[in-house]
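Take a look at the structure set out below.
The values are calculated or read from the model by the stated rules, or taken from the named source; none is laboratory data. Predicted model only: the values in this text are computed from it and were never measured. All Cβ positions, even for glycine, are placed from backbone atoms using ideal geometry, and neighbour counts span all protein chains on display. Side chains are part of the model used for accessible areas, which takes the heavy atoms of the whole protein and leaves out ligands, DNA and RNA. Shrake-Rupley method; radii C 1.70, N 1.55, O 1.52, S 1.80 Å.
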Amino acid sequence: MNELSANHFLLLSAALFIIGMMGVLTRRNVIVIFMSVELMINAVNVAFIGFAWEQNSMIGQTFALFIIAVAAAESVLGLGIIMALSRRVDTVDVAAVRELRE
Amino acid sequence: MPLIVDLVNPDLALMLPQLIVLGLAILLLVADIAVPKARHGVVLTWMALIGMGAALIANFTMVGTNESTFNGMFRADDFSVFINLVVLSGAILSIMVSSSYLEGHIEAGSMPLAEYYVLLSFSVLGTMIVGASGDLLMIFLGIEMSSLAVYALTGFARQRVSSLEGALKYFLLGLFASAILVYGMAWTYGATGSTNLNDIARSLSGVVTDGKVEASLLLALLLLIVGLGFKVAAVPFHMWTPDAYEGAPTPVSAYMSVIPKVAGFAAMTRILVQGLGPLRDEWVILIGVLAVITMAFGNIVAVSQRNVKRMLAYSSIGHTGYILAGLAAFETINPNGEISVASVLFYLFAYAFMNIGAFAIVTWLQARGSGTDLEDFAGLGSRSPLAALAMAVFMLSLMGLPPLVGFYGKYYVILATIEADMVWLAVAIVLASAVSAFFYLRVIATMYFSEPVRETPRTSTPLLGFGLVSMVAGTVLLGIFSSRVLDLASDWVQAFSVPI
């Protein structure tokens with residue numbers, strides 16, 4: 001068990017993914033939810049790198065690079081929306097933003 | 001190395017419709033600076049319309065091609081041609097709906113027109129890329145391109161809290177869904193050793209003949225379906241839909257009720273049918289159950305809605321259920337008489353016309369100072385008979401009354417489910433349509449049998465009016481000539497039948 005194997009990558013990735021998912025589902029602060037989703041996306045990167053390492057192919061690594069680029073674009077947009085909203089309502093609590101309810 | 005040769009000499013002619021839309025987006029950015037602000041309304045709207053129209057014409061020259069470029073990542077085949085047709089028609093109709101609304105400055109403090117059209121073009125481009133992708137990476141990039149632009153469009157009226165709130169909810173849940181989707185792609189890659197859809201199908205066809213499927217593949221399948229379920233707003237992954245549709249400016253609701261959904265269904269078909277087709281026995285039942293829950297929930301909750309935008313949001317969830325039922329009827333890629341994916345494509349095309357139309361009438365009323373509640377439709381039949389007639393056509397078509405296009409959409413889906421021996425799905429569709437008749441007819445009853453509360457002021461919205469006329473004509477004519485459209489949609493088989 002001292003040798004590095006693909007299972008180690010996958011366990012790390014699964015742990016990160018589940019931590020991120022719990023964060024999204026239980027937290028109420030928008031910034032923390034946002035950080036949790038970023039954690040999930042990075043867990044995916046770890047999984048891709050692990051699989052690429054196991055199969056000795058470059059596809060997984062390329063995919064991970066693209067995911068990093070897309071995640072950066074998503075952060076810009078998300079923080080923009082949060083900025084615009086916090087100027088209006090002065091809060092980052094999702095439960096406080098509740099105008100749209102039937 | 002064939003890989004390097006392929007990347008140095010990509011066959012750009014295959015990407016013509018996509019390149020035209022990309023060029024349009026860049027030109028619109030330039031025009032934002034070059035054209036004087038006072039003339040923005042006319043110049044930019046017509047540029048967008050002509051650009052999308054040119055892409056639509058270029059798309060028709062691609063009918064019948066079946067080739068790939070960029071090392072199999074980009075495909076030009078009959079499936080991508082039909083998706084382009086749906087997306088570009090939807091985009092042209094949305095631009096017509098948007099122009100009057102945005103030029104009329106109904107939303108105080110919204111962003112300028114140029115940004116709107118640029119974001120719309122990029123979202124259209126992303127959806128076209130999903131339709132034309134031959135690789136999981138392209139599907140991921142296309143979906144992200146499509147949805148990122150729509151998140152921004154949802155928050156377009158940035159002075160209004162409800163618009164930003166809708167954008168925030170859509171963004172957070174959309175991002176969550178993307179993470180799940182891409183994790184599913186990682187597991188698919190891990191289990192099959194490739195991200196190319198045809199290679200995935202090839203490596204799976206060997207695995208599945210043993211009759212047992214690995215747990216890692218099932219995990220991948222589940223993650224992919226959950227991620228895409230969020231994107232197409234299937235119950236129980238629909239939480240963002242009503243808030244985003246109600247909060248967004250109405251023309252944006254019209255747009256996002258169709259095009260991102262097309263992206264989701266294109267991705268679903270590409271991944272599940274082309275890539276994971278050998279796993280059909282595993283995913284068909286999942287999609288079928290999802291379809292029944294979705295159409296039941298969407299239609300039942302829509303009954304209690306008083307706000308027309310919110311009602312249309314739930315009704316669009318119901319329509320997601322019908323389209324999923326068409327996908328659940330998939331059996332094999334068989335050139336003779338397999339109409340499951342064809343019925344999905346046909347329904348998406350039908351849905352684009354009638355659903356953008358319904359939102360267009362709400363926009364038409366808002367341009368005349370009206371609200372979006374059901375009471376605002378009271379007496380529309382006597383106040384403005386033509387608008388009421390158009391709304392009645394869209395409602396009856398969404399309900400599924402022959403000979404309108406909505407009826408044929410449902411008819412082909414039911415036919416596909418019966419051919420696949422899934423009578424329970426067909427029964428569910430009929431029952432859900434019966435429930436939906438209640439809230440669609442209620443709009444018609446309010447328009448014709450209620451006393452008008454106030455007059456409709458006269459406002460000139462020529463492009464919106466023209467858009468409404470073309471959508472009514474589309475809803476009626478596509479119904480009458482539905483077999484022609486279905487023939488075009490049935491060519492999907494050629495796109496997916498790969499030598500294994």
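Of all residues in the stretch B:378-390, at least one satisfies being within 26 Å of B:T320 (Cα to Cα), under 22 Å from the mean Cα position of the chain (by Cα) and of a type outside the set (D, E). Please give the number of the condition A:I18 fails out of (1) touching a Gly at 6+ places or on another chain (Cβ under 7 Å); (2) modelled with pLDDT of 95 or more. Here A:I18 clears every test but (1).
For the stretch B:175-193, filtering for residues that are without any contact (Cβ under 8 Å) to a residue 12 or more places away in the chain and either more than 7 Å from chain A (Cβ to nearest Cβ) or open to solvent by 20 Å² or more (accessible area, probe 1.4 Å) (or both) leaves 1.
Within the stretch A:44-63, can you find the residues that are more than 7 Å from chain B (Cβ to nearest Cβ), among the hydrophobic types (A, V, I, L, M, F, W, C) and within 13 Å of the chain's Cα centre (by Cα)? A:V46, the sole residue that qualifies.
Return the total of residues in the stretch B:454-480 being exposed (fewer than 12 other Cβ atoms within 10 Å of the Cβ) and either touching a Ser or Thr at 6+ places or on another chain (Cβ under 7 Å) or not in a helix (DSSP H, G or I) (or both). Within the stretch B:454-480, residues that are exposed (fewer than 12 other Cβ atoms within 10 Å of the Cβ) and either touching a Ser or Thr at 6+ places or on another chain (Cβ under 7 Å) or not in a helix (DSSP H, G or I) (or both) number 5.
Within the stretch B:28-59, the set of residues being open to solvent by 30 Å² or more (accessible area, probe 1.4 Å) and within 28 Å of B:D77 (Cβ to Cβ) comprises B:I50, B:A54, B:L56, B:I57. With a requirement of 2 or more residues that are at pLDDT 90 or above, the helices (runs of 4 or more DSSP H) lying completely within the stretch B:321-404 that satisfy it span B:340-366, B:385-399. Checked against (1) touching a helix residue (DSSP H, G or I) at 6+ places or on another chain (Cβ under 6 Å); (2) open to solvent by 10 Å² or more (accessible area, probe 1.4 Å), B:S68 meets all criteria but (1). The residues of the stretch A:66-79 that are more than 7 Å from every other protein chain (Cβ to nearest Cβ) and open to solvent by 40 Å² or more (accessible area, probe 1.4 Å), listed by number, are A:I68, A:A69, A:A72, A:V76, A:L79.
Do we have any residue at all in the stretch B:482-497 that's outside any helix (DSSP H, G or I) and closer than 30 Å to B:T65 by Cβ? Please lay out each step first, then the result.
Initial filter on the stretch B:482-497 (outside any helix (DSSP H, G or I)): B:491, B:497.
Within this subset, residues satisfying the condition of being closer than 30 Å to B:T65 by Cβ are B:491, B:497.
Within the stretch B:482-497, one or more residues are outside any helix (DSSP H, G or I) and closer than 30 Å to B:T65 by Cβ.
In summary, B:L415 fulfils each of the numbered conditions (1) part of a helix (DSSP H, G or I); (2) of a type outside the set (V, I, T); (3) in contact with a Gly (Cβ under 8 Å, 6 or more places away or on another chain) with the single exception of condition (3).
Taking each residue of the stretch B:359-385 that is of a type in the set (K, R) and looking for partners that are assigned to a loop (DSSP other than H, G, I, E, B) and open to solvent by 20 Å² or more (accessible area, probe 1.4 Å) with beta-carbon atoms closer than 7 Å, six or more apart or interchain, yields B:R368/B:T456; B:R368/B:P457; B:R368/B:T459; B:R383/B:P452; B:R383/B:E455; B:R383/B:T456.
The set of residues in the stretch B:137-174 that are facing another protein chain (nearest Cβ under 8 Å) and either under 22 Å from B:F496 (Cβ atoms) or among the aliphatic types (A, V, I, L, M) (or both) comprises B:L137, B:F140, B:L141, B:L148, B:A152, B:V161, B:L164, B:A167, B:L168, B:L172.
Within the stretch A:3-30, which residues are assigned to a helix (DSSP H, G or I) and open to solvent by 60 Å² or more (accessible area, probe 1.4 Å)? If you could, list the steps in order and put the result at the bottom.
Step one: list which residues in the stretch A:3-30 are assigned to a helix (DSSP H, G or I), which gives A:6-26, A:30.
Residues satisfying the conditions are A:N7, A:H8, A:L11, A:L12, A:I18, A:I19, A:M22, A:L25, A:T26.
Of all residues in the stretch B:270-304, exactly one satisfies the criterion of being open to solvent by less than 10 Å² (accessible area, probe 1.4 Å) and in a loop (DSSP other than H, G, I, E, B), namely B:L276.
For the stretch A:33-43, the candidate set comprises residues that are facing chain B (nearest Cβ under 9 Å) and in contact (Cβ under 8 Å) with a residue 24 or more places away in the chain; within that set, the residue that is farthest from the chain's Cα centre (by Cα) is A:I33.
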